Amino acid sequence: MLQTLSLLVENKPGALMRVVGVLAARNYNVESLTVARTLDDTLSRMTIVVDVEHKVRAQVVKQLNKLVNVLQAADLTEERSVAREMVLLRVRAEMSNRTAILKEAEIFQARVVDSSVEGFAIECTGDPEKLDEFIDLMRSYGEIEVTRSGLVAVTLEPKKLRLATPVPMGAAEEEEQERVLSK
Amino acid sequence: MASTINPPAGAGTLMSGSHILLECLVREGVDLIFGYPGGVTLPFYDAMYDHQIQHVLVRHEQNAAFAAQGYSRATGKVGVCCATSGPGAMNLVTGLVDAMMDSIPVVAITGQVTSKLIGTDAFQEADTFGITRPATKHNFMVKHVSELPRIIHEAFYIATTGRPGPVLVDIPKDIFQGSTQYQPVDSIHLPGYKLYTEGHTGQIRRAAQMIWEAERPMVYAGGGIIHSHAHNELRELVELADLPCVNTLMGLGALPGNHRNFISMPGMHGSYAANMGMYNTDLIIALGVRFDDRVTGRLNAFAPHAKVIHVDIDPSEISKIRNAELPIVGDAKKVLTKLNKVMRELEPEMRAQKSSARAEWWNTIRGWMEQHPLKPEFSVDEIKPQHLMAEIDSISGGEAIVTTDVGQHQMWAAQLIRYNHPRLWINSGGLGTMGFGLPSAIGAQFACPDKLVFSICGDGGFQMSIPEFATIANHKLPVKIIVMNNGYLGMVRQWQELFYNNRLSEVTLDSFPEAHLLAGAYGFKGKTISKPEKLRPALLEAVNEPGPYFLNVRVTPFENVYPMVPAGGAINEMVLGQPQPVAVAS
Ligand SMILES: Cc1ncc(C[n+]2csc(CCOP(=O)(O)OP(=O)(O)O)c2C)c(N)n1
Ligand SMILES: [Mg+2]
C-alpha cells in the first residue's frame, strides 16, 4: 500500500543520502520524493511516498526517525492532511483540436504556460488520481511529454515537534561511570 | 564523577587541526588508538609522535577496526581506530559493519584528500563518507577546522549513547594542517537524536504483572544487557521470580554461565533445553535482543504459544520481527531496576498463584537439560573439538576472556565454555566475520593487560589475520592463540555434507603453516598437538608462558556441530546428532 511520510530534516551534509539510503537498504519501494528548504533555511521538508506492506508501516517511520539528522518523521497516510502534486506536460496540438485541449485544461483548472505552433505546455496541480486522469485525457489528443513533481503534503493536525535538548559535555561519560561503579 | 573528562586546553589557543583532534580525544578519555598511517594522515601522525595517547600499529586496517572492537567489547569504552584515505578507509569498512551489527561503540578517524581535490578522483581518493554511510550509526565529514571539536564530541556521544554503534569522522588533509583558535565544546546539541531510556512506568507495571502471571515464562536476554551494564539487574530479576533464562550468542555472560537458572544459548546451535524452552514458553521476556533469524528459526514456529514483553532501547527493534504484546522502549538497566521494584511490590500477592505451574515448568526444563545436555565428547585417539573447548573451560573456570573467529569452533566455544561475567565472550555475532578472532584479542588484551585472553580461531579464519602475529610479537601481548585445526572450512563443510550431498567444494585447507616455525619466525613459542593426552599439558604450558603462545590443535576433521536447527527450520525440530545409519529389516 502507499504510505505518505513527512520528514523534517536538518540540512547537514549527506542528509538526503541517509534518508534515501535507509529506504533502499530496508527494501522500501520509493514512489516519489520531494525535498525543499523550509522557512528556517537550516531545515528541509521532505514528502516521501513509499509502497510497502501494511505491517511494515510503523517500521518505516521508526527507521527514518532513527537517523540523527531527521528531526521528525510522521506518517500522514491516515491523518487529516492535504496532498498535492503538480504535472508539467507538453502536448502536440493540431490546429483542429487546440480549442478542445484548452477546454479540457479549463475543466481541470490547468494553466497553459506556453503555447506554440507545435502545441501547448500545461501546468496542472491536484491529487495524484486527478493528474492521472488529466494525463490520460491529454494523451488522447496526441503525443505528450510529462514531468510530475511527486507528492507534497501537509498535515492538518497540529504536531508537537519533540527535539532533543543540549547535553552538557561529559554527561554521557558520567552516566557510564555510574553504571560501571554500581556493579 | 567527571574524572574521565580532562580539563580542556585553554580556550582561544591557536592550534592545528591535528592537535585539536588529539585534545578532543584526550577529553573523551581515549588512551589508545589502533591504526595505520598514510599520505593524508601524515600531519596527524606527526602530532601523535610526542603525544600521550598511545598508537598501536596493526598490520592491516581491518584489524584496527577489530582491535578497537575488542578493546570496546572487553571494557564498554569506545574503541578508536584510524586509517588513511582511499585504501586505508576502505579496509576499515568490514570492521565498521561488524561493529554496527553487534552495536559496538567504535569511533573511526579517516584521512581524506585535501578539500580542494575532493571529487577530482585524486590519488587515494575514495568517497569514504558515502561508502560508510550505511556501515555506521552516523558519519561526519569535516569541512572546516573550527568544526572539529564539535564533530569529534558528537561522534563519541552518538557512538556511546542509545543503541551504541560505530561512528566515522572523515578529515581532509588540509583540516589536519589548518589551524584555528581552539574553542572547547561544553555541550552536545543534536536536536534530531532522540533517546528513549526511562521506559514507560505503566508498561513496566503491566510487565511485572504478566511475569508473575505466566505459567511457563522464559527470559531471553541478549547483548543489550551487556551494553547497558544491566547484568546485576538481570540476575536480580531472574532470582527474584526464579525465572529460567537463555542468553543469546551476543549475551553470553549476561547471566553467569554457572548460574542455576541459566539454560544456555538458544538458536541454530543452541541447546535442546533452550530451544524447547523457547518453543513451549507462554511468556517471552525479551531483554536487549532482536529476534535474529539464527535464534528464531522459522518464524511461525517460534514460540507459538507465547506472549512477548520486549524491552529495547531502539524502538525500531520492537515488533520488527515478532510482534510484542508489551513493548517497553528504554535502557535495560533503568527498565530492569524499575521492573524489579514493581516485581517485589507484587510479590506477596502474586508469588503463590502460579507456583505449582512454575514448579512443573522447571521440572520439564530440567528434564530437557538432562535428556540432551550440552556435553563434550572425548576420544582416546583424537582430540575432539568439544574436548578442546572443555579443557579451555576448565582452565578458564568461567573467568578468562575468550575471543573467537567464525565457524564451528565459535559455536563449540559458545556452547561449552562458561562465561561467568559479561564482556568475557567476544565474537562477531551479527556479521559473522572471519578474521575477527585474532585482532579482537589484541584489543581485549590491551584493554585488560592482566587478564588471561584466549583467541580461539579456526584454521581458516586464523589465516585471514595472520599478519597480526607481528603486532602481538611487537607488544609481547600474552594472548593464547589456539587454532582448532580441523583442516577444513568446517562450518561450510558441515553444510555441504548435510545439505549438498557431501560434495565438498573448495573447503579443504591444506598447507597450514608449521606452528613452531610460524610463531618462531615472530619470536614466540608455538606448538602443534594432535593427541588427547597432550592437550591439557599443552594448554597449561601456553597459559604459563608469560608472552604470546600459539597452539595449533589438530582435531577430528569430520566433527559437526549439534544440536542444529537447519536454516528455516522450526526450533523444536533440532537435529541432535550425526544421522545414524538405519538398520534395514531383513
Ligand atoms: C569473511 C568471511 N568469509 C566467509 C565466511 C563464510 N564462512 C563461515 S564459517 C566458514 C568456515 C570457517 O572455517 P574455519 O576458520 O576453519 O573454522 P571452522 O568452521 O573449521 O571451525 C566460512 C568460510 C565468513 N563467515 N566470513
Ligand atoms: Mg577449520
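The values are calculated or read from the model by the stated rules, or taken from the named source; none is laboratory data. Every value quoted in this text rests on a predicted model; they were computed, and no experiment measured them. Cβ placement follows ideal geometry from the backbone for every residue including glycine, while neighbour counts extend to all protein chains displayed. Please note that ligands, DNA and RNA were not included when accessible areas were found on the heavy atoms of the full protein model with its side chains. Shrake-Rupley method; radii C 1.70, N 1.55, O 1.52, S 1.80 Å.
So the values come out like this:
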item	result
Computed helical MRE - 222 nm, chain A, DSSP H runs ≥ 4 contributing -39500 (n - 2.57), nearest 500	-8500 deg cm²/dmol
Ordering of B:233-244, B:291-302 by burial proxy (mean other Cβ atoms within 10 Å per residue, highest first)	B:233-244, B:291-302
Compactness of chain A, expressed as Rg and Dmax over alpha-carbon positions, Å	22.4, 87
With every protein chain in place, chain B: carbon and sulfur % of accessible area (1.4 Å)	53
Cα shape, region B:350-466, gyration tensor, a/c 1.5 rule	prolate
Sites residue A:53 and residue A:137, calculated FRET efficiency, Cβ-Cβ separation with R0 25 Å, nearest 0.05	0.15
Förster radius 41 Å - calculated FRET efficiency between residue B:187 and residue A:106, Cβ distance, rounded to 0.05	0.10
Amide H contacts of residue B:263 (H built 1.01 Å from N, under 5 Å, at least 5 apart or other chain)	B:245, B:246, B:247
Amide H contacts under 5 Å for residue B:188, placed H, 5+ residues apart	A:167, A:169
Whole-number accessible area per residue in Å² for region A:2-78, which is evaluated in the context of all protein chains at 1.4 Å	46
Charge dipole (chain B, unit charges on Cβ, about Cα centre) - positive-most of B:445, B:111, B:21	B:445
Those GluC sites (Glu not before Pro) in region A:74-183 that DSSP places in a loop and that have at most 16 other beta carbons within 10 Å	A:78, A:79, A:94, A:118, A:143
Residue (of B:538, B:191, B:513) at the positive-pole extreme of chain B, dipole from beta-carbon charges	B:191
Charge dipole (the protein assembly as shown, unit charges on Cβ, about Cα centre) - positive-most of B:212, B:426, B:359	B:359
Percent antiparallel among DSSP beta bridges (both partners in the protein assembly as shown, rounded to 5)	45
Backbone HN-Hα couplings from phi across region B:503-518 [Karplus 6.51/-1.76/1.60, Hz, Gly and Pro as x]	7, 7, 9, 6, 10, 7, 10, 7, 6, 5, x, 5, 4, 5, 6, 4
Solvent-accessible area, 1.4 Å probe, carbon plus sulfur percent, for region A:2-78	53
Solvent-accessible area per residue, Å², over chain B with all protein chains present [probe radius 1.4 Å]	37
Threshold 50 Å², region B:211-233 residues less accessible with all protein chains present than alone (1.4 Å probe)	B:229
Cα-based shape type of region B:201-371, given that a ≥ b ≥ c are square roots of the gyration tensor eigenvalues and the cut on a/c is 1.5	rounded
Total accessible surface hidden between A and B, rounded to 100 Å², 1.4 Å probe	3300
Cleavage-rule hits (chymotrypsin sites (Phe, Trp or Tyr not before Pro)) in region B:531-573: DSSP loop, at most 14 neighbouring Cβ within 10 angstrom	B:558
Ellipsoid equivalent to chain B - semi-axes via the Cα gyration tensor, in Å	40, 32, 20
Two-site FRET efficiency, residue A:114 against residue A:25, from Cβ-Cβ distance with R₀ of 56 Å, rounded to 0.05	0.85
Carbon and sulfur %, accessible surface of region A:82-152 computed with the full protein complex present, 1.4 Å	50
P(r) tail fraction, the protein assembly as shown - alpha-carbon pairs more than 44 Å apart, %	34
Test item: B:182-194 mean partner chain Cβ contacts at 10 Å	6
Estimated 222 nm signal from helices in chain B, with DSSP H stretches of n ≥ 4 weighted -39500 (n - 2.57), rounded to 500	-11000 deg cm²/dmol
Cα convex hull volume per residue for region B:8-151 (Å³)	106
HN-Hα J in Hz across region B:554-571 - Karplus 6.51, -1.76, 1.60, θ = phi - 60°, x for Gly and Pro	6, 10, 3, x, 9, 7, 10, 7, 9, x, 9, 9, x, 3, x, x, 7, 5
Amide H partners (placed H, <5 Å) of residue A:81, local residues excluded	A:156
Those GluC sites (Glu not before Pro) in region B:465-551 that DSSP places in a loop and that have at most 14 other beta carbons within 10 Å	B:506, B:514
Value of Rg to Rh for region B:108-243 (Rh from inverse mean 1/r over Cα pairs, i.e. Kirkwood)	1.18
Anisotropy class of region A:82-152 from Cα gyration tensor, a/c 1.5 cut	prolate
Residue-by-residue Karplus 3J(HN,Hα) for region B:533-541, coefficients 6.51, -1.76, 1.60, Hz, glycine and proline x	6, 7, 4, 5, x, 5, 5, 5, 4
